[in-house]
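Nothing in this text is a laboratory measurement; each read-out follows from the coordinates by a stated rule. Small disclaimer: the values here were computed from a predicted structure and weren't measured. Cβ atoms come from the backbone with ideal geometry, glycine included; neighbour counts cover every protein chain shown.
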Ligand code: MEV
């Protein structure tokens, strides 16, 4: 193993690439050329992207697709989606079109509360700590005035601070459990700055608190950080129509389809192995819009999956029912999103995506993202319970296989036509291309001789 490199972050971009290319690649020139091929010719744009993170060497492309024809609360949207998975945009577009003919999607923001916690250890009497907290609670608000005044102007700020006794689970462990309203920003920086200020206030006030014994004055703050679990920052997305209108190009009757669909959802409700995949399908839609709009998809993923376990076992996020002849399919998920701050004003394609969505507020974006997730889930369940997923999936994957096999444009066109009526698999495409190329060689030879 080679020695650890020191001062790597201080090297220029060129030097970093040179080191990596020499250290890890059998053909350093080829690796360097590939890395540089992805640089943007517009140097200002490249610099902007370089500065998003540390040690940037190049750009990593993800396709940005669009799914048109979404009707959400009677408003038309074309939804931008950044994803590498072949069938996601097509499935969303299909579901959007299907539901546009049936009144579209309805979405409602239920609540918008964010959470942050100061975790600390206090060696002393809980009763005294409670009294101390009641006495100094207002200091936490006053001491963060500078940080909160802009947020307050926008109608947000710190909602409440609660002292939570967690000593049943861990000796001497307490929290300042704080709730925030962050309006159109996701609020991570705002929340973390407030919490770090709280931890300073907590320590200072404890030191000065006369009723504390010496050992009680020394509060040990373990950490101050927002929580990505936001069960009170939730949105509901829903579609419904009379069962008879569920009919489209499926071979089963609308009622049989509804029954099968509901059973598929029930299975995801009771069976965690299925629930995880079911919810992954929802996240295919959610993440693609979250990424396109410059939001933190890891935060969203962590929060959504925790929410899927809120009743004590991991379960489906979506639900379906038929009542009085009406089929309803819905889900409720937590989403902490922002449409101002962070990448939203920095990344040009994020700005473009937000403009495409009509510059939504954070609440409107929560609705759009939840709808994209529900649409994706509907499309997946519809395929799974009727034709199976592979037919559509492999059709979309065809282009990836053709690219892997280095098919030319003309070959791609012929292959797409051929596989409209034939099942796609890697070997079937390879065989088809081999035969096609052989036919072409035979033709050339015939023409030549
Ligand atoms: C694939 O990315 C997503 C699905 O597996 C979701 C599901 O099974 O519901 C098709």
Cα centroid separation, segment 204-265 to segment 322-359 (Å): 16
Taking only Cα atoms of segment 114-227, the Rg to Rh ratio with Kirkwood Rh works out at 0.98
What is the distance in Å between the Cα centroid of segment 386-434 and that of segment 154-195? 52
Summing -39500 (n - 2.57) over the DSSP H runs of n ≥ 4 in the chain and dividing by its residue number, what mean residue ellipticity at 222 nm do you reach, to the nearest 500 deg cm²/dmol? -16000 deg cm²/dmol
Distribution of pairwise C-alpha distances over segment 206-249, 5 Å bins, in %: 5, 12, 10, 8, 7, 7, 9, 9, 5, 4, 4, 4, 4, 6, 5, 0
Ranked packing of 21-33, 378-390, most packed first, by mean Cβ within 10 Å: 378-390, 21-33
Per residue convex hull volume, Cα only, segment 270-342, in Å³ is 109
Compute the normalised compactness of segment 8-50: alpha-carbon radius of gyration over 2.2 N^0.38 Å, N being the residue count. 1.22
Any idea what diffusion coefficient segment 396-448 gets from Stokes-Einstein, in µm²/s, Kirkwood Rh on alpha carbon pairs, 4 °C, 1.567 mPa s? 113
Based only on Cα atoms, what Rg/Rh ratio does segment 240-387 have, Rh being taken as Kirkwood's radius? 1.02
Taking only C-alpha pairs under 8 Å that are 6+ residues apart, what is the relative contact order of the chain in percent? 17
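Using only alpha carbon pairs under 8 Å that are at least six residues apart, calculate the relative contact order of segment 319-396 and give it in whole percent. It would help to have the intermediate numbers written out before the result.
On the way: 37 pairs, mean separation 17.2, N = 78.
So the answer I get is 22 percent.
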Simple spin-label estimate for residue 355 and residue 418 in nanometres, 7 Å along Cα-Cβ: 4.3
Placing one equal point scatterer on each C-alpha of the chain and summing with Debye, one gets log10 I(q)/I(0) at q = 0.07, 0.12 Å⁻¹ equal to -0.51, -1.16
